[in-house]
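Here is the structure we will look at, set down as structure tokens.
Values quoted throughout were computed directly from the atomic coordinates according to the rules given, and no laboratory measurement underlies them. Owing to the predicted nature of the structure, the values given are computational and were not obtained by experimental measurement. In this analysis, Cβ positions are derived from the backbone assuming ideal geometry, glycine residues included, and neighbour counts consider all displayed protein chains.
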Amino acid sequence: MKPKSFFSHRFSLTVEDATGAPPSPSRPAPHTGLERLIDLNLLLMILLIGVPVLAYCIFASSG
């Protein structure tokens with residue numbers, strides 16, 4: 001990132017690839033086994049910890 005001139009507050013941003021290869025369209029990477037395991041752990045944590053704590057907060061505040 002560099003200014004257009006010395007006293008300018010406008011900057012020019014140039015993004016360059018280090019390999020010099022032309023940019024390719026980005027495709028989502030396929031899920032690996034580890035990513036699926038992390039997603040499953042996150043879902044289980046939400047269901048087993050988050051939902052009961054939320055229900056407790058709701059019931060405790062109503063009484």
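Projected label points at Ser62 and Leu34, each 7 Å from Cα along the beta carbon direction, are separated by 4.4 nanometres.
Once you have the Cα-Cα distance between Arg27 and Arg10, take 0.36 nm times their residue separation minus that, and quote the gain in nm to one decimal.
2.8 nm
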